[in-house]
1. If packing is taken as the mean number of other Cβ atoms within 10 Å per residue, what is the order of 70-76, 33-39, 44-50, 104-110, highest first?
2. Taking a cut-off of 23 Å between Cα atoms, list the lysines near LYS70, but don't count ones fewer than 8 places away on the same chain.
Amino acid sequence: LRAWLRQSSLFYSPFQPPEVLFQENTQRDLEKTETYAAGLCLFHLLQKRYPLWTIYMRDERLSRYTPIEKEKVLNLMRQSYEKTLRTIGEYGKQKQLMVIILGLLHPDPEQRMTLKEAAHQVEVLSKS
């Protein structure tokens, strides 16, 4: 199944990170993909909803978008992520945990927190 998911452009899910939807025919970093999915699950557990930017990832027409259309969608997703990050103060006591979760959900896979880093941050948070 994992091999098929790495190669398939037919499988759409809000649990896929932006780079999976917009980079066709490339080798995908499964660890970063799974990290993103874990962040979405944690976000949903705390907020009882998925982040707003995932609505852009549920459109099965994405595979037929032109590069310009894909870039526009990716920019909308980044803007939604940044807005969520700016409003982090609204999460009250969950603020520190949401910072960790948003680290797992960073739209740029190179800046995305790893699960090991997130676990360490949660451990530090639990001791404070």
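Every read-out reported here was derived from the displayed coordinates using simple, explicitly stated rules and does not represent laboratory data. Only a predicted model underlies this, so the values are computations on that prediction, with no experimental measurement involved. FYI the Cβ positions are ideal-geometry reconstructions off the backbone, even for glycines, and counts take in every protein chain you see.
1. Numbers: 70-76: 14.7, 33-39: 19.7, 44-50: 11.7, 104-110: 18.0.
By packing density, highest mean first, the sequence is 33-39, 104-110, 70-76, 44-50.
2. Within the straight-line limit of under 23 Å, LYS70 reaches these lysines: LYS32, LYS83.
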